[in-house]
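The values are calculated or read from the model by the stated rules, or taken from the named source; none is laboratory data. Predicted model only: the values in this text are computed from it and were never measured. So basically every Cβ, Gly included, is an ideal-geometry build from the backbone, and we count neighbours across all protein chains shown.
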Amino acid sequence: MSSEGTIVGGRFRLDQPIGRGRAGIVWLAFDTRLFRTVAMKRMYLPVGAGERAEQARAAAMQEGKDAARIEHPCAIKVFDVLPDGQDVWLVMEYIPSRSMATFLAEHGRLTPDQAAQLGIQLGDALAAIHAAGFVHRTLEPGTVLLADDGGVKLTDIGISGGGPSPAYVAPEVARGLPGTPAADVFSLGATLYTAVEGVPPFGDDGQSSERPPRNSGVLTEALRKMLRADPNTRPTMADTVHSLKAITEGRETAFIPPTAPAMPTMPVGWPAGPGGPPMPPPGPHPVAPMPPSGPHPAGPMPPSGPQFQQQIPLTPPPGYPQGATQQIPPVHQATQYAPPPAAQPPSAEEEWNLPVSKKTLITVAAILAAVLVGILAAELFFV
């Protein structure tokens, strides 16, 4: 029997028990080699000796090695698995926390939105476990840790010792079939159901009639899909996470079947190219309104500098210094959508807006001369 102060594996000192899981007591321990605090758990092994006990010991070692391969921010990190006499110990990261089962017993139910956020984090961790080729097999409120810093951690990944609570076991697993990712979806659904309703969906034995949910609100349809008896009709873990995210974003009708394709969105003006998204259908496109003409309302000027100013060469009027340029104030620069390059001559519209020049004076003089000639011709005609 382990006790405080015991040295495990010639390296880890057991300081105090900090919890009890399915497989036994979890200890706060100190690594005397690396000088760090860790959590340790002695894995469940059947009592006895002989070949059967050796096989169970080898299976426990393999489960610990598999759990050490999982890397996810919402999964407890397993540092090592080591034998100590007839026992096998898991060495894990220590996270100040308490189990979800303890939290619910002390504080009652979660809201549907809180449970959905919890499910997103757990579902994402489970999807990573499935991608690595494993299943959790024992997901329940007791294997979910709610950290003191607000995080969520999944523990006992792939550890079969002690057996899960029958209230969270998928029906096909209860009949003797091996655990699958679909079974983890059922266990997650039963865990979230308990979080919002306070009791498991099919009773503590998992064999009672389904209890209609009363407090799940927007989470109801997602839970019903996850708790389907036929594993082939349950959503995948990725679809489950997508649905729970839709709940937290306020889209209560965004639950889609696993076979429904997602509708991509594309901003207006997205360029088309080989392998890229298609262009939007042809048709009239909205045109941005032009800025109003006339005097601009008074207000703070934007910052000045080379990046906010542009110099355009103009034809100087008589008496204007040669080589001089006119700077457009920043307030006008902000309203120019496509100013012409400085090297090109100004357009007709720009010439019209130029200051009075020799060309303008010659035009005015020609008009006045034509008027005078007309007056003289009229006087000669009527004499």
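Answer yes or no as to whether Thr240 is modelled with pLDDT of 90 or more and within 15 Å of Ser187 (Cβ to Cβ). Lay out the reasoning, then the answer.
Numbers: modelled with pLDDT of 90 or more: yes; within 15 Å of Ser187 (Cβ to Cβ): yes.
In short, yes.
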Quiz item: Quick check: anything in segment 76-98 assigned to a helix (DSSP H, G or I) and touching a strand residue (DSSP E or B) at 6+ places or on another chain (Cβ under 7 Å)?
Solution: no
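Pull up segment 1-51, narrow it to residues that are of a type in the set (Gly, Ala, Ser) and at pLDDT below 80, then point me to the one that is nearest to Met100 (Cα to Cα).
The first filter runs over segment 1-51 and keeps only residues of a type in the set (Gly, Ala, Ser), leaving 2-3, 5, 9-10, 19, 21, 23-24, 29, 39, 48-50.
Now drop any that are not at pLDDT below 80, which leaves 2, 21, 23-24, 48-50.
Numbers: Ser2: 26, Gly21: 12, Ala23: 17, Gly24: 17, Gly48: 33, Ala49: 36, Gly50: 38 Å.
Looking at the filtered set, the residue picked out is Gly21.
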Practice problem: Being outside the structural domain of Ala170 (by TED's automatic domain parsing) and either surrounded by 17 or more Cβ atoms within 10 Å (Cβ to Cβ) or assigned to a helix (DSSP H, G or I) (or both) narrows it down to one of Ala56, Ala125, Ala101, so name that one. | Solution: Ala56
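Pick out, from segment 154-238, the helices (runs of 4 or more DSSP H) lying fully within it that include 2 or more residues that are under 23 Å from the mean Cα position of the chain (by Cα). Steps first, answer last, please.
Values: elements: 171-174, 181-197, 220-226.
The qualifying helices (runs of 4 or more DSSP H) are 181-197, 220-226.
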Exercise. Name the residue, out of Gly108, Gly119, Gly161, Gly151, that is at positive phi and either assigned by TED's automatic domain parsing to the domain that holds Arg214 or among the hydroxyl-bearing types (Ser, Thr, Tyr) (or both).
Key: Gly108
